[in-house]
Amino acid sequence: MFRLTIILVPIVLLGGFVVFAQRAEVPLPPDQESKSIAVPPTKQMPRAKRFREGTAFKDKVVFFRPVGERTVLYTTEDNQSFTCLENLALERIWTTMQAKPEWQFWKIEGEFTEFRGENFVLIHRAVVAQAAAPALPVAP
């Protein structure tokens, strides 16, 4: 009987801990405790043109601007903007632009991805645009 008690007591205690651990609530980070959740407006906002996952982004002349921790590309033809996904191609673009600031316009190839209703561009290939591009549109 003593041996059975020695075996069962740790098992029961461990089982109680597992149940307690599963019910514990995860606290919000301090910066999110006081923020309220914004309710989306009931009216439909005009939406930018969306592209399906995997759609090619080819032969577009663009320029890049940092926005917070991300990089946004702006098309010179139709003034669209898309957030870039970080990869080696984007790192090389930024390195080149820092070394040669006059190289502001790029001809890129890549593909669109989607996340939470927003398009992102994954750059596969980038070449400095040879032709003079039109004047820079005002970034939002």
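Quick look at the numbers
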{"read-out": "FRET E, pair residue 77, residue 100, Förster distance 25 Å, beta-carbon r, rounded to 0.05", "value": "0.60"}
{"read-out": "Gained length - residue 50 relative to residue 115, 0.36 nm times residue gap less alpha-carbon distance", "value": "22.3 nm"}
{"read-out": "Simple spin-label estimate for residue 69 and residue 92 in nanometres, 7 Å along Cα-Cβ", "value": "2.6"}
{"read-out": "Column: log10 I(q)/I(0), Debye, Cα scatterers of segment 56-128, q = 0.12, 0.13, 0.27 Å⁻¹", "value": "-0.28, -0.32, -1.51"}
{"read-out": "Phi-based couplings in Hz for segment 102-117 (Karplus 6.51, -1.76, 1.60; Gly and Pro marked x)", "value": "6, 8, 9, 10, 10, 9, 10, 10, x, 8, 7, 10, 10, 7, 6, x"}
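Read-outs: derived from the displayed coordinates by stated rules, not from any lab. All of these numbers come straight from a predicted model, not from anything done at the bench. Neighbour counts are summed over all protein chains in view; Cβ atoms, including those assigned to glycine, are modelled from backbone coordinates with ideal geometry.
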